[in-house]
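First the structure, in the form of structure tokens, and then the observations on it.
The values are calculated or read from the model by the stated rules, or taken from the named source; none is laboratory data. None of the values given here were measured: they were computed from a predicted structure. All Cβ positions, glycine included, derive from the backbone under ideal geometry; neighbour counts span all protein chains shown. The area values use the complete protein model at the heavy-atom level, side chains included, leaving out ligands, DNA and RNA. Shrake-Rupley method; radii C 1.70, N 1.55, O 1.52, S 1.80 Å.
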Amino acid sequence: MATTSEKREAFRRLHASGCFVLPNPWDVGSARYLQSLGFKALASTSSGAAWSLGAPDNGITLEQAIAHAAALAAATDLPVNADFEHGFADDPEGVARHVARCLATGVAALSIEDSTGELARPLYELSLAVERIAAARAAVDEAGDGALLVGRAECFLTGHPEPLPEAIRRLRAYAAAGADVLYAPGLRTREEIADVVAAVAPKPVNVLALPRMRVAELAELGVRRISVGGALARAAWGGFLRAAREIAEAGTFTALGEAPPGRDLDAFFTADLARRRGHQAET
């Protein structure tokens, strides 16, 4: 297994140029399978993690989030970017304290959102949001070893009346406060993506994948990394829901025939376990 330092160094190199896909597993098994497909890095998904624990998005505790990040970081040789929601604290001091704990799990990066989770006040005031990013930056620097900090502007996902200009204003402020990567989930058009990339250049930009756009198109727009959020977890839930509802409502089992054979999954995980044991023996 690669060390935490090696994973963080590899992740930084990925951000130096080009464009890469950062898929989002929701558990250890999905993380290991994504590694087998040749992806260079992974990111956790707060929604996928929450659903697997029987909670809504943003409904898990700090302890659950830390445990999830640790499990994914230990599961593969790949760098893992932790979706650390809003840092599980409102105050900058709490954010810094929790960021330090998350980094201790071995993740290569983490993101901090500016959403509060409150309907009446969906976004932190910009001054406080910037203080929170600066506190996270200080915690990353104190931890050392080159982890990356992602600053997220949640304007598109919280119903802001002018999401694009507000997201750009916030992302620029987060860059100045020390964010290494900028992310405004919910960008909808090529024009919006191009505007954000240009506004924060030369900082790398993460974009949430759009079903109608290809990796090559996003790369042409200057996007550095592409994540899928909870979409892979939702796809898995889609198969489960179809099969379960058919059984409950029709009393039939045809959807189960669409599932991969258990022997194929067993074969993959047997081979993966043997590979991991072989690496451990070599070291």
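Using amide H atoms built in the peptide plane, which far-off residues or other-chain residues are under 5 Å from Leu148 H to H?
Ala109, Leu110
Just want to confirm a number: the relative contact order over segment 132-267, from Cα pairs under 8 angstrom separated by 6+ residues, in percent.
Relative contact order, segment 132-267: 16 percent.
Before I look further, what does the chain give for accessible area per residue, probe 1.4 Å, in whole square angstrom?
Accessible surface, normalised per residue, equals 48 Å².
So for segment 15-144, averaging the separation of alpha carbon pairs under 8 Å that are six or more residues apart and normalising by length, what relative contact order in percent results?
That works out to 20 percent.
Given only helices, namely DSSP H runs of n ≥ 4 each adding -39500 (n - 2.57), what is the per-residue ellipticity at 222 nm of the chain, to the nearest 500 deg cm²/dmol?
Details: 11 runs with 144 residues, N = 283.
Taken over the chain, the calculation gives -16000 deg cm²/dmol.
With Rg and Dmax of the Cα atoms in Å as the read-out, I listed (1) 18.4, 63; (2) 20.4, 71; (3) 19.3, 58; which label goes with the value calculated from this structure?
The value computed from this structure is option (3).
Show me 112-120, 39-47 ranked by packing, highest mean number of other Cβ atoms within 10 Å first. Don't jump to the answer; show the numbers that get you there.
On the way: 112-120: 16.9, 39-47: 22.6.
For the peptides 112-120, 39-47, the packing ranking is 39-47, 112-120.
Over 10 Å intervals from 0, what percent of Cα-Cα pairs in segment 151-208 sits in each interval?
Binned Cα distances yield the sequence 27, 62, 11.
Using Cα springs under 10 Å in a Gaussian network model of the chain, which residue among Phe269, Phe20, Phe156 shows the largest mean-square fluctuation?
Its mean-square fluctuation being the largest, the pick is Phe269.
Taking all protein chains as present, what is the carbon and sulfur share of the accessible area of the chain, in % to the nearest whole number, probe 1.4 Å?
Exposed carbon and sulfur together represent 57 percent of the surface.
Within 15 Å, Cβ to Cβ, of Thr254, how many net charges do the neighbouring residues add up to if Lys/Arg are +1 and Asp/Glu are -1?
Neighbourhood net charge equals -1.
Hey, if you put +1 on the Cβ of every Lys and Arg and -1 on every Asp and Glu Cβ in segment 117-200, which of Tyr183, Gly151, Ala167 ends up farthest toward the positive end of that dipole?
Ala167
Pairs of alpha-carbon atoms within less than 8 angstrom and 6+ residues apart define the contacts here; what relative contact order does the chain have, in percent?
Dividing the mean separation by the residue count of the chain yields 18 percent.
HN-Hα J couplings of segment 2-15 from phi, Karplus 6.51/-1.76/1.60, θ = phi - 60°, integer Hz, Gly and Pro as x?
After applying 6.51 cos²θ - 1.76 cosθ + 1.60, I find 5, 6, 4, 4, 5, 5, 5, 5, 4, 5, 4, 5, 4, 8 Hz.
For the chain, with a Gaussian network of springs between Cα atoms less than 10 Å apart, report the residue from Gly59, Gly222, Gly230 with the top mean-square fluctuation.
Gly59
Pick from Gly29, Gly229, Gly151 the residue whose mean-square fluctuation is largest in a GNM of the chain, springs joining Cα atoms under 10 Å.
Fluctuation is largest for Gly29.
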